[in-house]
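**Student:** If you scroll down you'll find the structure; I have some questions about it.
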Amino acid sequence: MNFLHLISKNKFILIPSIFLFTILILVTCSYIGINLGKYSFDAQDQDLILQSPSIEHPLGTDQLGRDMLARLIYGARLSFLVAIVTALIAFLIGVSLGTIAGMFGGRLDFLISRTIDIIYSLPDLLVLSIIGLTFNRSTTGILFAIGLISWMDLARLTRAEILKLKQQEFILSAVAIGLNKRRIFLQHLLPNILNVILVSITFIMPRAIIAESTLSFLGLGLSPPSCSWGTLASDGWQFLNTHTNLILYPSILIMLTVLSLNIIGDFLTELNQPRKIYI
């Protein structure tokens, strides 16, 4: 009932939800080989270089005569793949290390906390650039690089939540009756911190998309002919004064996707807030 009540109060949440759902459908169709247009993302036509939008090419063509609509749909694959894989890496590494630090404390807590501080002190762009170039600008390298700098916040959040919950009476009672740490975590701690973790992940995903876009815009992203929204924006930058649409399309999609994920994250945060019960 709380969920439906919040939906009725925040009808604006439907707009970003519909947008993301539409993008995910397009990405899914692209992955399973369903071509929604007549052109492939890498099909070149020297006679159609930098064409304006038309019936044949609804969003025009780029500097090599490739259909922009097809490239935007294909580019969404990497942008969303980065968001999803980064969220998984952050969940696995962040929650695992945060749990170990919070549950065991002592030297392990000190070691993990100082490791996080050291990684935090490294410039994100430098780490992304080094790892991306080490893997020769491959998809694997980009995913690994962004995932490596995205788990620290979740680790700190998990640690803080566990330390707070460990002082609650139901946890102290579980310890008193002799339950082991694994059972306490799985049955009592994890269910109580899962909502907070999921909310945090919805904010990690848009940051990952922006990080990939920044890396690609600087020329450190994917190697051609593969593309993402970031590489498309980087290519379009060269024609900013003559064909603004080439940078405008991917930039708008990046902005709308990040905005939608942030709005959904805010909504989940509100949904997760404790509510007063009036008697």
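The values are calculated or read from the model by the stated rules, or taken from the named source; none is laboratory data. Please read these numbers as outputs of a predicted model, since none were measured by experiment. Note that we place each Cβ from the backbone using ideal geometry, even for glycine, and neighbour counts take in every protein chain shown.
**Student:** Would you please list the contacts, defined by Cβ atoms under 7 Å and residues six or more apart or on different chains, that run from a residue in the range 232-255 that is without any contact (Cβ under 8 Å) to a residue 40 or more places away in the chain to a residue that is of a type in the set (S, T, N, Q) and in a helix (DSSP H, G or I)?
**Tutor:** Partner pairs satisfying both residue conditions: Ala233/Ser213; Ala233/Ser251; Ser234/Ser216.
**Student:** Would it be correct to say that Thr214 is more than 26 Å from Gly265 (Cα to Cα) and modelled with pLDDT of 80 or more?
**Tutor:** Numbers: more than 26 Å from Gly265 (Cα to Cα): no; modelled with pLDDT of 80 or more: yes.
Considered against the rule, which asks whether it is more than 26 Å from Gly265 (Cα to Cα) and modelled with pLDDT of 80 or more, Thr214 comes out as no.
**Student:** Considering only residues that are among the β-branched types (Val, Ile, Thr) and either modelled with pLDDT under 85 or assigned to a loop (DSSP other than H, G, I, E, B) (or both), look in the range 236-257 and name the one that is farthest from Leu78 (Cα to Cα). Explain how you work it out, then say what you get.
**Tutor:** Within the range 236-257, the subset among the β-branched types (Val, Ile, Thr) is 242, 244, 247, 252, 254, 257.
Keeping just the survivors that are either modelled with pLDDT under 85 or assigned to a loop (DSSP other than H, G, I, E, B) (or both) gives 242, 244.
Values: Thr242: 27, Thr244: 23 Å.
Checking each candidate, the answer is Thr242.
**Student:** Could you check the range 92-156 for helices (runs of 4 or more DSSP H) lying wholly inside it with 2 or more residues that are out of contact with any Pro (no Cβ under 8 Å at 6 or more places or on another chain) and closer than 30 Å to Phe217 by Cα?
**Tutor:** 106-121, 124-134, 139-148
**Student:** Does at least one position in the range 219-242 carry a residue that is charged (D, E, K, R) and in contact with a Ser or Thr (Cβ under 8 Å, 6 or more places away or on another chain)? Even if it seems obvious, please write down each step before you answer.
**Tutor:** Quick first cut of the range 219-242, residues charged (D, E, K, R) only: 235.
Retained after the next criterion (residues that are in contact with a Ser or Thr (Cβ under 8 Å, 6 or more places away or on another chain)): none.
Looking through the range 219-242, none of the residues is charged (D, E, K, R) and in contact with a Ser or Thr (Cβ under 8 Å, 6 or more places away or on another chain).
**Student:** It is to be established whether one or more residues within the range 207-227 are surrounded by 22 or more Cβ atoms within 10 Å (Cβ to Cβ), of a type in the set (S, T, N, Q) and within 19 Å of Ala43 (Cα to Cα).
**Tutor:** No: the range 207-227 contains no residue that is surrounded by 22 or more Cβ atoms within 10 Å (Cβ to Cβ), of a type in the set (S, T, N, Q) and within 19 Å of Ala43 (Cα to Cα).
**Student:** While we're on this one: Yes or no: Phe110 aromatic (Phe, Trp, Tyr), modelled with pLDDT of 80 or more and surrounded by 12 or more Cβ atoms within 10 Å (Cβ to Cβ)?
**Tutor:** Values: aromatic (Phe, Trp, Tyr): yes; modelled with pLDDT of 80 or more: yes; surrounded by 12 or more Cβ atoms within 10 Å (Cβ to Cβ): no.
Taking the combined requirement at face value, the residue does not satisfy it.
**Student:** Please tell me if Ile201 is modelled with pLDDT of 85 or more, in a helix (DSSP H, G or I) and of a type in the set (Val, Ile, Thr). Let's see the steps before the verdict.
**Tutor:** Working: modelled with pLDDT of 85 or more: yes; in a helix (DSSP H, G or I): yes; of a type in the set (Val, Ile, Thr): yes.
Answer is yes for this residue.
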